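Only one structure is covered here, and it is reproduced in the block below.
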Amino acid sequence: MARLIDLVGEPPAKFVRNDRNFKALGLNAADYTTRDAVVGLLQEHPKLMQRPIIVRGEKAVIARPSEKVEELL
């Protein structure tokens, strides 16, 4: 997971879906801004991972919106 965060090159917080599940868990987005905090959260709650993530070689993007995939092409 940590390697994937590095490949995307975005702030680690972008990997976390701040949706109703996040809120139902009583989580605070300010607590999940570092790579280690995000990795720990997503290991415990994988449903909170932003997806899809597309990997091509040594680069990756969070494909939301879908136009982000064009960055890899």
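Tabulated values for the structure
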item: In the stretch 46-65, residue nearest to residue 20 (Cα to Cα) [restricted to those that are under 12 Å from the mean Cα position of the chain (by Cα) and either small (Gly, Ala, Ser) or assigned to a loop (DSSP other than H, G, I, E, B) (or both)]; result: 50
item: Subset tally (residues that are open to solvent by 40 Å² or more (accessible area, probe 1.4 Å) and touching a strand residue (DSSP E or B) at 6+ places or on another chain (Cβ under 8 Å)) for the stretch 10-29; result: 4
item: Tally, over the stretch 1-35, of residues that are within 12 Å of the chain's Cα centre (by Cα), more than 25 Å from residue 70 (Cβ to Cβ) and of a type outside the set (S, T, N, Q); result: 3
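The values are calculated or read from the model by the stated rules, or taken from the named source; none is laboratory data. Fair warning: this is a prediction, and the values are worked out from it, not measured in the lab. Positions of Cβ are generated from backbone atoms using ideal geometry, with glycine treated the same way; all protein chains shown enter the neighbour counts. Side chains included, ligands, DNA and RNA excluded: accessible areas come from the protein's heavy atoms. Shrake-Rupley method; radii C 1.70, N 1.55, O 1.52, S 1.80 Å.
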